[in-house]
1. Mind telling me which of the residues 201, 225 ends up being under 15 Å from the mean Cα position of the chain (by Cα) and closer than 16 Å to residue 36 by Cβ?
2. Which condition does residue 186 not pass, out of (1) assigned to a helix (DSSP H, G or I); (2) loosely packed, with under 15 Cβ neighbours inside 10 Å, if it passes all the others?
3. Out of the residues in region 98-123 that are surrounded by fewer than 17 Cβ atoms within 10 Å (Cβ to Cβ) and over 22 Å from the mean Cα position of the chain (by Cα), which is nearest to residue 164 (Cα to Cα)?
4. Can you pull out every residue in region 189-202 that is in contact with a helix residue (DSSP H, G or I) (Cβ under 6 Å, 6 or more places away or on another chain) and either under 14 Å from residue 222 (Cβ atoms) or assigned to a loop (DSSP other than H, G, I, E, B) (or both)?
5. If a residue has to be closer than 14 Å to residue 154 by Cα and assigned to a helix (DSSP H, G or I) to count, how many in region 103-116 make the cut?
6. Looking at 73, 56 in this structure, which one is part of a loop (DSSP other than H, G, I, E, B) and under 30 Å from residue 233 (Cα atoms)?
């Protein structure tokens, strides 16, 4: 870990009674990275995501964003520091239009309503929903809702965008569109994603961290992770780490 890292985890643990879901995990994410967290079921990926996003409290250790300790800060305070997250379970307002969903996020940053509307429309176009501005979130397909969630997150102008299993439940075509969307994000936005779809991970990520049984197993480039015998053993009988 260096002073240049945007996100740092130092000895982070999360216990549920006597069960250690995470045990003294260290992690560093540099600015501009496309960093993926993978691992078999039960590895602790979603728990780790919750500690970073602020939806779960830390039992021990520290979480730092740009050198600032955010370990005890609630989600809204982290958003104010440039951390935005999309979750496995949708947090959209289903009766509101796509535009209104994004507008709620944008207005935190832009005081002028006309300017906020223009920015919200721009974000909807960027994520591939140019014809869906006035449709309710409930009327969108599963994949389109995922796209909308990214637009909402981008509306807070994050420096760090956290994506929790963004491709879950998507068709191959929807996953391909989402992959293109994430790949096209500006490098000013650092991306950290937890994902089971390894094809998506290895296409997007420049750095991959592998979790196993609540511990950090290894971090490296996609090629290094594919070649790791430790990773192959951890995934044995669970899923294939394909090349």
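1. After applying the criteria, what remains is 201.
2. Failed condition: (1).
3. Applying the filter and picking the extreme gives 100.
4. 195, 200, 202
5. 5
6. 56
Residues checked against (1) part of a loop (DSSP other than H, G, I, E, B); (2) more than 16 Å from residue 192 (Cβ to Cβ):
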{"site": "9", "(1), (2)": "no, no"}
{"site": "13", "(1), (2)": "no, yes"}
{"site": "36", "(1), (2)": "no, no"}
{"site": "42", "(1), (2)": "yes, yes"}
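Residue-by-condition table, conditions (1) in contact with a strand residue (DSSP E or B) (Cβ under 6 Å, 6 or more places away or on another chain); (2) under 27 Å from residue 6 (Cα atoms); (3) free of Cβ contacts under 8 Å to residues at least 40 places away in the same chain:
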residue	(1), (2), (3)
90	no, yes, no
111	no, no, yes
133	no, no, yes
140	no, no, no
157	no, yes, no
168	no, yes, no
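The numbers here are math on the coordinates, done by the rules we state, and not lab data. Owing to the predicted nature of the structure, the values given are computational and were not obtained by experimental measurement. FYI the Cβ positions are ideal-geometry reconstructions off the backbone, even for glycines, and counts take in every protein chain you see.
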